[in-house]
Amino acid sequence: MLHLKTTDNNCSRKVSDLIKKSSHAEDVETFSAAHYSSLSRIANVPLKELAEKNQNLLVFPYEIDKSYGRIGGLPIFEMHGCAESFSEAEIKTGNLMGFVGIGADNGAIHLEIASRFSKSEDDFFLHYILGKVFCENLFSLNYDASSGNVFDLLCFMFPLVLKNAVRQGIFKTYRTFERNDANVKGSLNLSRHIRQNVPFGGKIAYNERTQVFDNPLTELVRHTIEFIRTKPFGKSILNSDSETRSAVSQIVELTQNYSFHEQHKIISENAKPVSHPFFIKWKPLQKICLAILNHSKINYHSGEKSVCGLLFDGAWLWEEYLNTILRPLGFVHPENKKHKGGLKMFANCDDELTFDKDFRQIYPDFYKKGEYVLDAKYKRLLNGVGREDLYQAVAYMHTMKIARGGFIFPDDGTDFHKKTYCLANNTGTLDVIGVKIPRNAENLQEFCSLMKNEEERISGNFAAL
């Protein structure tokens, strides 16, 4: 398998350079037409289309077609070919980070897209913010980012996805049971009645169709729970908080027909994605369960036509990470990716009709009512804030009658902390705040320690508001 490694927003890089950077320089000469064909299958293809056709391609956030950033319409990467040499083809990435596997045999490729803000070979920054967003106790368990399969990370993400699904209610399906008693609740099964109840003894054979909680999907979740229990830190993951413990207990209690030996059968019965309009949160749970249970087979080469992987929208992940720091300080984080929690721009509803419905409400990334508006940017701001970002922040401040606003971004290259700028006519101030990303950490534990110090500094700045 050919290994390629790049970063998000790489501004276009040659394939030959990506191979060299991944410490497989000897493979440059082996990049063939088959490898080029594998990359071509996903290059320039909208993410939503790839995710729908490939069950083993997981994307966060889940509702990619409904997200404000419209990442569902964007490709994992763009590629421009080269007629003279396939290895001279150029790949241009966007905001997506993670891991993708394409093809099989001689055309198999493993593409790793790291965060451009990480300076470590093992991408400590991505692992750290994933741990903060999905599982707070990931690093207290001495997780090693350089060991094991990357899909082991899914075990740490499982509790959050499980809780989101259970909050909608336990998934129910209809099942038909063959009954033979005096309490008829369904359609008569005449042939079975004749076989079993002649001479008549007071029982009637019938088929009962009813809703049940013990079904292939909840059984799949149960198999995943039992699999995670076998992991070194599995019990700690499943007991990370009271809501997780409650969700796990519900699944265990309702799946009385669970049998370890039926795992393969249950996986096969879940080949078709969940399509129920009410239980929409169970679809990502189904996908993550299948990925965990199939982890030994999903290792980037499940078949000639399959695409496997785990991808994250960098801007979304950065916002969710900041939310873990700012929420305890009283900041509100509207679900701007889903257009939830927006604030009206017009006092009179009739006035809204003149304007595009997509812009009648504002969705600041974070705000503290009456005190502060903060815009999260997953990009470098050392060379200045762009015009659209500036106007957006000022519009938020004006609409919400807040005199203080700012931008917060990951800083990987300097000791930039904070600069404050005054608006004209003393109408307010704007802060540009950098979150320093450690550059010289030798291991993940050291990286975590340095990041926690930085988080305390950031929290101290906002706690004084």
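Here, each number is a calculation from the coordinates, and none is a lab measurement. Worth saying up front: this structure is predicted, and the values here are computed from it rather than measured. Because the Cβ atoms are built from the backbone with ideal geometry, glycine has one as well, and the counts that use them run over all protein chains shown.
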Protection proxy ranking of 306-314, 420-428, 244-252 - average other beta-carbon atoms within 10 Å, highest first: 306-314, 244-252, 420-428
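Between Glu208 and Arg229, what FRET efficiency follows from the Cβ-Cβ distance if R0 is 41 Å, with the result rounded to 0.05? Working shown, then result.
Details: r = 34 Å, r/R0 = 0.83.
Efficiency, rounded to the nearest 0.05: 0.75.
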Summed residue charge, Cβ within 13 Å of Arg195's Cβ, Lys/Arg positive, Asp/Glu negative: +1
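Do any of Lys368/Lys452; Lys419/Lys452; Lys369/Lys418; Lys235/Lys272; Lys132/Lys436; Lys344/Lys419 go past 18 Å between their Cα atoms, and which?
Lys368/Lys452; Lys419/Lys452; Lys369/Lys418; Lys235/Lys272; Lys344/Lys419
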Under 5 Å, built H, 5+ apart or other chain: amide partners of His3: His110
Whole-Hz ³J(HN,Hα) from phi, Karplus 6.51 cos²θ - 1.76 cosθ + 1.60, for segment 92-99, glycine and proline x: 10, 9, x, 8, 7, 10, x, 9
Ordering of 285-291, 431-437 by packing [mean C-beta count within 10 Å, highest first]: 285-291, 431-437
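In whole percent, what relative contact order does segment 409-465 give with Cα contacts below 8 Å and a gap of six or more residues?
30
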For segment 112-128, 3J(HN,Hα) per residue [Karplus equation, 6.51 cos²θ - 1.76 cosθ + 1.60, θ = phi - 60°, Hz, x = Gly/Pro]: 10, 10, 8, 6, 6, 8, 9, 9, 9, 5, 8, 6, 4, 4, 4, 4, 5
Order of Tyr378, Tyr174, Tyr363 - criterion: other Cβ atoms within 10 Å of each residue's Cβ, fewest first: Tyr174, Tyr363, Tyr378
